[in-house]
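Engineer: Take a look at this one; I'll ask things after.
Readers should treat all values here as calculations from the given coordinates under stated rules, not as data from a laboratory. In this text, all values refer to a predicted model and were calculated from it rather than measured experimentally. Cβ sites come from the backbone with ideal geometry, for glycine too, and all protein chains shown count toward neighbours.
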Amino acid sequence: MKRIEIEIVQLPHGEGLPLPKYETSGAAGMDLMAAIPEGDEIVVAPGERRLIPTGLQIAVPDGYEAQVRPRSGLALKHGITMLNSPGTIDSDYRGEVGLILANLGQEPFTIRRGERLAQMVIASFAQAEWAVVSSLDETSRGAGGFGSTGTGS
């Protein structure tokens with residue numbers, strides 16, 4: 001498993017919260033927490049979306065991105081997901097990592113300081129260079145789109 005070093009800043013409203021970490025040896029994602037003031041709450045009503053601060057800034061190395069994704073337990077139990085998922089934190093972004101949460105559930109969802117709301121995965125990527133051609137090679141699928149490969153076995 002490849003490891004890379006990523007610089008991180010804990011902003012004043014994130015101080016005292018643990019840094020993101022892998023919870024198991026096989027984990028791909030690190031949990032991100034809500035950095036809201038102690039004693040405060042953010043309520044996300046059904047159908048509402050909110051930007052939740054993490055209190056973190058990161059410097060992702062060139063050739064990598066940080067992907068921000070929903071947590072499956074929150075999605076299943078409460079209908080909480082992330083819009084723009086997975087969100088990408090580019091290597092040249094230096095602002096605070098924010099979480100765009102949406103409540104697809106039936107009940108209001110209350111967020112408190114330190115609540116684990118999302119996960120962050122570090123991934124390498126390639127940048128494309130376009131090669132303009134007059135036609136593409138043929139494949140067995142061809143131009144078949146949404147649902148064209150069937151749903152049965």
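Engineer: In region 15-50, which residues have a backbone nitrogen under 15 Å from the label point lying 7 Å from S85's Cα in the Cα-to-Cβ direction?
Structural biologist: Correct set: 29-33, 47-50.
Engineer: Neighbour counts of other C-beta atoms within 10 Å: give me R49, R141 arranged from fewest to most.
Structural biologist: Placing the least packed residue first, the sequence is R141, R49.
Engineer: If you don't mind, another one. Could you give the spread of the C-alpha atoms of region 7-124 along their three principal axes, from largest to smallest, in whole angstroms?
Structural biologist: Extents along the principal axes, in whole Å: 41, 27, 27.
Engineer: Another question about this same structure. Express in nm, to one decimal, how much length is gained between D137 and A27 on full extension, taking 0.36 nm for each residue of separation and deducting their alpha carbon distance.
Structural biologist: So the extension gain works out to 35.8 nm.
Engineer: What are the ³J(HN,Hα) values, in whole Hz, obtained from phi via the Karplus relation 6.51 cos²θ - 1.76 cosθ + 1.60 with θ = phi - 60°, for each residue of region 37-48 in sequence order, with x given for Gly and Pro?
Structural biologist: Rounded to whole hertz, the list is x, 4, x, 7, 9, 10, 9, 9, 6, x, x, 8.
Engineer: Right, here's the next one. Which residues' amide hydrogens lie under 5 Å from the amide hydrogen of L56, considering only partners 5 or more residues apart or on another chain, with H built in the peptide plane?
Structural biologist: L11, V97
Engineer: Additional query: Under the Karplus relation 6.51 cos²θ - 1.76 cosθ + 1.60, θ = phi - 60°, what is the ordered set of whole-Hz ³J(HN,Hα) values for region 122-132, x standing for Gly and Pro?
Structural biologist: Per residue, the Karplus-derived 3J(HN,Hα) values read 8, 9, 7, 8, 10, 9, 8, 10, 6, 10, 6 Hz.
Engineer: Moving to a separate point now. Sort 38-44, 63-69, 129-135 for me by packing, meaning the mean count of neighbouring Cβ atoms within 10 Å per residue, highest on top.
Structural biologist: Working: 38-44: 12.1, 63-69: 18.1, 129-135: 5.0.
Per-residue Cβ counts within 10 Å, averaged per peptide and sorted highest first, yield 63-69, 38-44, 129-135.
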